[in-house]
Amino acid sequence: MGAAFAYYRILGVQSMMRLVKAGLNVWHLYQVSSPAMVERYNRALDLLIGKKSALTEFHIRTFAGYSPEIAHRVLMMELLS
């Protein structure tokens, strides 16, 4: 069940980002692109899970602070290791 859920999450993130880029932002995503905000998010991420992201631009959900791109990268790194 874990692998099937992981593949669903990966395909879900890619599809979601295609829709966001097309202008359909139904997930209330905020684009983080300024270096100061990226660094602030990385500091918080480091405190929470002990990892930082190498992304310089990503989206976060405005209500929860969840980033689908960073979650996708973290999940991929865990699957590959």
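Values in this text are rule-based calculations from the coordinates and carry no lab data. No experiment lies behind these values; they were computed from the predicted model shown. Here the Cβ is made from the backbone with ideal geometry for all residues, glycine too, and neighbour counts use every protein chain on show.
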Which net charge results when you count Lys and Arg as +1 and Asp and Glu as -1 among the other residues whose beta-carbon is under 13 Å from that of residue 40?
0
Mind giving me the nanometre distance, one decimal, between the label points for residue 31 and residue 74, set 7 Å out from Cα along Cα→Cβ?
2.4
